[in-house]
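Written out below as structure tokens is the structure these notes cover.
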Amino acid sequence: MTIERIRPEPRMSDIVIHNNTIYYTAVPENLDADAKDQTAETLAIIDAALAEAGSDKSKILDATLFLVNKDDFPAMNEAWDAWISPGNAPVRCTVQANLMNPKYKIEIKIIAAR
């Protein structure tokens with residue numbers, strides 16, 4: 001059993017790969033952006049992480065979106081719908097959550113095939 005950890009730190013790893021399955025969580029960098037822009041930026045970060053791990057968004061199996069304000073749901077969906085690979089939508093769950101940084105409007109956790 002091989003577990004690959006990309007940029008491991010004492011508290012967490014950036015990306016973990018096991019049995020050709022990729023585990024990754026992303027947050028936005030521009031904390032002054034609105035929910036749509038934070039979502040789009042977070043999805044672009046996911047694109048880069050998947051490419052680094054040898055995959056892409058068409059291979060996402062599962063996505064959990066943590067959204068702070070339920071009123072941002074339509075804006076978040078607008079960014080998501082513009083990004084998602086046509087015909088390859090993963091299982092998805094959106095949860096309203098208080099995130100650790102009060103400026104985060106969204107955090108996205110994905111599981112993807114390599």
Q) Which number in (1) among the aliphatic types (A, V, I, L, M); (2) touching a residue at least 60 places away in the same chain (Cβ under 8 Å); (3) within 21 Å of ASP14 (Cα to Cα) marks the one condition that ILE60 misses? A) (2)
Q.
Tell me the residue from ALA82, ALA51, ALA89, ALA75 that is over 14 Å from the mean Cα position of the chain (by Cα), modelled with pLDDT of 95 or more, surrounded by fewer than 17 Cβ atoms within 10 Å (Cβ to Cβ) and small (Gly, Ala, Ser), please.
A. ALA82
Q.
Pairs please, first residue from segment 1-17 and closer than 15 Å to ILE110 by Cα, second anywhere and among the β-branched types (Val, Ile, Thr) and surrounded by 15 or more Cβ atoms within 10 Å (Cβ to Cβ), Cβ atoms under 8 Å, 6+ apart in sequence or on different chains.
A. ILE15/ILE22; VAL16/ILE22
Q. Residues of segment 22-50 being touching a residue at least 60 places away in the same chain (Cβ under 8 Å), in a helix (DSSP H, G or I) and of a type in the set (A, V, I, L, M, F, W, C), which ones?
A. ALA35, LEU43, ILE46, LEU50
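The values are calculated or read from the model by the stated rules, or taken from the named source; none is laboratory data. Note that this is a predicted model, so its numbers are computed, not measured. All Cβ positions, glycine included, derive from the backbone under ideal geometry; neighbour counts span all protein chains shown.
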